[in-house]
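Participant: My questions will all concern the structure given below.
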Amino acid sequence: MKCIQIIFISLCFFGCSQSAEVETSYLTEKIVYQSKNILGFENLFGDGLKDQQDKEIFGILHFPDHYDSTKKYPAVVAAHGSSNWRAHHLKYLEQMRQAGFIVLAIHPFDSRGVDSTVGNQINVTSETVIYDMAMSLNLLWDDSRINNKKIYAAGWSLGGTATLFNAWLPLQRSINKSDASYAGYLMWYPGCLALPDLNEWDKDLMQIYIGEEDNWTPPQPCKELVRDINAQGGNASIELYPNSFHSFDGPKPLRLIPDAYSWAECKLKLNADTKKVYDPLNKFLDFSDPKLRRAAYESCAVKGEVMAGASPEYKNAAFEHLSGLLPKLD
């Protein structure tokens, strides 16, 4: 372990590729570990997983102030959205760190030389980030510094989607270490898309924060998912913010994001048996081939309609809600 005085974190917004140096006065540690590049949800399972390309990735551990190496700490594994790490994400990471958590900020894009997936969604797939997050749990599970009964997943947009699918029990059984599971799931505007036709979800805490007008990752499927999970004895909650769009908690004002896909009209599902994403109205779609995958997106997703940016009224609402929630997780 070593103290890194300067780490590199992208502070631009919506596709900017510039980076800034951020000085830290607390202990950090860069960790490197193994993951894969995954194309096709079915390739997170069995023989399909073995055939996927291996990839070395990295993350940054952020330790609480006055860190004591003789103690075990609760932890959060955090994943960014389609525009990489941004200033509002870092605000939450600091909030978690100040609350006494070791925070592992994973870098799925920087590990692969990618700045953004806005308008692409193929250069780093959602399945890849799902797998990165699972491998991060496996990495921390036996770490002597971590209380593995209190490792939480957190993510924004794409990272929120990765967080959500790490709560699906068939996936946990496939790729997690024996008995390993996140203790809870914190999600900001996740894509509740291509949901499994088998509602077999972790019964630990699932907390979603999303704007009611979000047309990038629409809230209605998330609302229905929360209802279904709770009907089966789960512990899911959703905070809905009126007149708010994607990245309602971000630093930039509300604006059109012309390259982003709106998923509002997509009716994609995940077959629990084949583990393949499908469209009930178009059975010829294929998400495991790059060219066909793009065609599958464009069959229902629309560019040029997505709005995103800060809500004047609710910009700090999720941060304030999390302030009350974090002490209950420690």
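The values are calculated or read from the model by the stated rules, or taken from the named source; none is laboratory data. As the structure is a computational prediction, the values presented were derived from the model and not from experiment. FYI the Cβ positions are ideal-geometry reconstructions off the backbone, even for glycines, and counts take in every protein chain you see.
Participant: From Y278, Y209, which residue is buried (at least 16 other Cβ atoms within 10 Å of the Cβ), in contact with a Phe, Trp or Tyr (Cβ under 7 Å, 6 or more places away or on another chain), at negative phi and among the aromatic types (F, W, Y)?
Facilitator: Exactly one residue qualifies, and that residue is Y209.
Participant: Among residues belonging to the stretch 22-48 that are polar (S, T, N, Q), out of contact with any Leu (no Cβ under 7 Å at 6 or more places or on another chain) and modelled with pLDDT of 95 or more, point out the one that is surrounded by the fewest Cβ atoms within 10 Å (Cβ to Cβ).
Facilitator: Residue satisfying both the conditions and the ranking: Q34.
Participant: Examine the stretch 167-174 for a residue that is among the small types (G, A, S) and farther than 19 Å from F58 by Cα, and state whether such a residue exists.
Facilitator: Yes, because at least one residue in the stretch 167-174 is among the small types (G, A, S) and farther than 19 Å from F58 by Cα.
Participant: On to the next question. Which count do you get for residues in the stretch 233-271 that are touching a residue at least 60 places away in the same chain (Cβ under 8 Å) and in contact with a helix residue (DSSP H, G or I) (Cβ under 7 Å, 6 or more places away or on another chain)?
Facilitator: Of the residues in that region, 7 qualify.
Participant: Let me ask something else. Return the residue satisfying two criteria in turn: it lies in the stretch 239-263 and is in contact with an Asp or Glu (Cβ under 7 Å, 6 or more places away or on another chain) and part of a loop (DSSP other than H, G, I, E, B), and of such residues it is surrounded by the most Cβ atoms within 10 Å (Cβ to Cβ).
Facilitator: Residue satisfying both the conditions and the ranking: S244.
Participant: May I ask you to say which residue of P221, P170, P190 is at pLDDT 95 or above and either assigned to a loop (DSSP other than H, G, I, E, B) or of a type in the set (D, E) (or both)?
Facilitator: Residue meeting the stated conditions: P190.
A quick yes/no check of all residues on (1) more than 23 Å from D259 (Cβ to Cβ); (2) surrounded by fewer than 24 Cβ atoms within 10 Å (Cβ to Cβ); (3) at pLDDT 95 or above:
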{"residue": "Q95", "(1), (2), (3)": "yes, yes, yes"}
{"residue": "R112", "(1), (2), (3)": "no, yes, yes"}
{"residue": "D115", "(1), (2), (3)": "no, yes, no"}
{"residue": "V118", "(1), (2), (3)": "no, yes, no"}
{"residue": "N138", "(1), (2), (3)": "yes, yes, yes"}
{"residue": "W141", "(1), (2), (3)": "yes, yes, yes"}
{"residue": "I151", "(1), (2), (3)": "yes, no, yes"}
{"residue": "A154", "(1), (2), (3)": "yes, no, yes"}
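Participant: Does S19 satisfy the condition of being modelled with pLDDT under 95, surrounded by fewer than 22 Cβ atoms within 10 Å (Cβ to Cβ), on the phi < 0 side of the Ramachandran plot and in contact with a Phe, Trp or Tyr (Cβ under 6 Å, 6 or more places away or on another chain)?
Facilitator: So S19 passes the test.
Participant: Sticking with this structure for a sec: Out of the residues in the stretch 56-93 that are more than 23 Å from S181 (Cβ to Cβ) and aromatic (F, W, Y), state the one that is surrounded by the most Cβ atoms within 10 Å (Cβ to Cβ).
Facilitator: Within the stretch 56-93, the match that is surrounded by the most Cβ atoms within 10 Å (Cβ to Cβ) is W85.
Participant: Going through S69, S111, S136 one at a time, which residue ends up being of a type in the set (S, T, Y), in contact with an Asp or Glu (Cβ under 9 Å, 6 or more places away or on another chain) and not in a strand (DSSP E or B)?
Facilitator: Of S69, S111, S136, the one residue that is of a type in the set (S, T, Y), in contact with an Asp or Glu (Cβ under 9 Å, 6 or more places away or on another chain) and not in a strand (DSSP E or B) is S111.
Participant: A further question on this structure: Looking only at residues in the stretch 272-288 that are without any contact (Cβ under 8 Å) to a residue 40 or more places away in the chain, of a type in the set (D, E, K, R) and in a loop (DSSP other than H, G, I, E, B), which one is nearest to F45 (Cα to Cα)?
Facilitator: Across the stretch 272-288, the extreme among qualifying residues is D273.
Participant: Still on this structure, I have one more. Of all the residues that make up the stretch 94-111, how many are more than 21 Å from P327 (Cβ to Cβ) and not polar (S, T, N, Q)?
Facilitator: Counting residues in the stretch 94-111 that are more than 21 Å from P327 (Cβ to Cβ) and not polar (S, T, N, Q) gives 6.
Participant: When L158 is evaluated against the numbered criteria (1) surrounded by fewer than 23 Cβ atoms within 10 Å (Cβ to Cβ); (2) under 27 Å from L292 (Cβ atoms); (3) of a type in the set (A, V, I, L, M, F, W, C), which criterion, by number, is the only one it fails?
Facilitator: So L158 meets the others, but not (1).
Participant: Follow-up. What are the residues in the stretch 169-199 that are in contact (Cβ under 8 Å) with a residue 40 or more places away in the chain and touching a strand residue (DSSP E or B) at 6+ places or on another chain (Cβ under 7 Å), if any?
Facilitator: Y182, A183, G184, L186, W188, Y189, A194, L195, P196, D197, listed by residue number.
Participant: Look through A79, A75 and report the one residue that is at pLDDT 95 or above, within 29 Å of S247 (Cα to Cα), small (G, A, S) and in contact with a Gly (Cβ under 7 Å, 6 or more places away or on another chain).
Facilitator: Unique residue meeting the criteria: A79.
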